[in-house]
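> Once you've had a glance at the structure underneath, I'll fire off some questions.
The values are calculated or read from the model by the stated rules, or taken from the named source; none is laboratory data. None of these values were measured; they are calculated from a predicted model. Methodologically, a virtual Cβ is constructed for each residue, glycine included, from the backbone with ideal geometry; neighbour enumeration extends over all protein chains shown. All accessible areas refer to the heavy atoms of the entire protein, side chains included, with ligands and DNA or RNA removed. Shrake-Rupley method; radii C 1.70, N 1.55, O 1.52, S 1.80 Å.
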Amino acid sequence: MNFRIGHGYDVHALKEGLRFVLGGVEIEHSKGFVAHSDGDVAIHAICDALLGAAALGDIGLHFPDTASEFENMDSKILLRRTCSLLADHGYSIGNVDCTIRAQRPKLRPHIDTMREVLAATMGIDKDAVSVKATTTEKLGFEGREEGVSVSAVALIYKG
C-alpha cells in the first residue's frame, strides 16, 4: 500500500454574538468564529491535512473564501467534498488526529460527539478519529480568547 501523511493548521478569530461551530458541532458560547463559512477551524485543519497528504493543494484552493457559494456554508460539506476528491484520486483515509487550542469553552464534554460527527462525515470509523483539546494556560491569542487554532494530521493510503 502507498501511505501518505498530511498536516493541516487553521485559526479563526472570535467575536461576541457569532456561532461557535467546532468539529461539526455547534457549542453554546458567548463568542463565535469570524469567517466566510461557519468558521469550523477543526474541519478546516482536517481538510488541509487530507489535501496535503494527497498533494492536492489546500482548502483555499478548492474552497476560496472569495467565492459566494461558500459563504456561511456548513464546513461538513467542505469535508465531504474533500473526501470525495481524495476518493476520486484513489485514496482512502486511514486516520485523522487533531488538537484544538482554546481557552474557553471547555471542550471535553463535546469531544465524543465531535468524533462521531467527523467520522460520519468522512465515512470512517469513530476509532479512526482523534480529537484532543488543550488550553494555552492563558498565553497567546488563544489564551486571551481572541481566537482558536487547530492542528491536524491525516494518514491516507492507496491500495
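> Would you be able to say whether some residue in the stretch 34-56 is in a strand (DSSP E or B), of a type outside the set (Asp, Glu) and in contact with a Phe, Trp or Tyr (Cβ under 8 Å, 6 or more places away or on another chain)?
no
> Right, another one. Of all residues in the stretch 90-142, which are among the basic types (Lys, Arg), free of Cβ contacts under 8 Å to residues at least 60 places away in the same chain and crowded, with 17+ Cβ neighbours inside 10 Å? Full working, then the answer.
Within the stretch 90-142, the subset among the basic types (Lys, Arg) is 101, 104, 106, 108, 115, 126, 132, 138.
Still in the running and free of Cβ contacts under 8 Å to residues at least 60 places away in the same chain: 101, 106, 108, 126, 132, 138.
Correct list: ARG101 only.
> Sticking with this structure for a sec: ALA42: within 25 Å of ASP127 (Cβ to Cβ) and touching a Leu at 6+ places or on another chain (Cβ under 6 Å), yes or no? Talk me through it step by step, then tell me what you get.
Working: within 25 Å of ASP127 (Cβ to Cβ): yes; touching a Leu at 6+ places or on another chain (Cβ under 6 Å): yes.
Considered against the rule, which asks whether it is within 25 Å of ASP127 (Cβ to Cβ) and touching a Leu at 6+ places or on another chain (Cβ under 6 Å), ALA42 comes out as yes.
> I need the full set of residues from the stretch 34-52 which are open to solvent by 10 Å² or more (accessible area, probe 1.4 Å) and within 20 Å of GLU71 (Cβ to Cβ), in order please. Before you say what the answer is, go through the steps one by one.
Of the residues in the stretch 34-52, the ones open to solvent by 10 Å² or more (accessible area, probe 1.4 Å) are 34-38, 44, 48, 52.
Those that are open to solvent by 10 Å² or more (accessible area, probe 1.4 Å) and within 20 Å of GLU71 (Cβ to Cβ): VAL34, ALA35, HIS36, SER37, ASP38, HIS44, ASP48.
> Looking at the stretch 31-54 only, could you name the residues that are small (Gly, Ala, Ser) and in contact with an Asp or Glu (Cβ under 6 Å, 6 or more places away or on another chain)? Steps first, please.
Within the stretch 31-54, the subset small (Gly, Ala, Ser) is 32, 35, 37, 39, 42, 45, 49, 52-54.
Scanning the stretch 31-54 gives a single hit, ALA45.
> Additional query: Among what's in the stretch 1-26 and is assigned to a loop (DSSP other than H, G, I, E, B) and within 15 Å of the chain's Cα centre (by Cα), pick the residue that is surrounded by the most Cβ atoms within 10 Å (Cβ to Cβ).
Applying the filter and picking the extreme gives GLY23.
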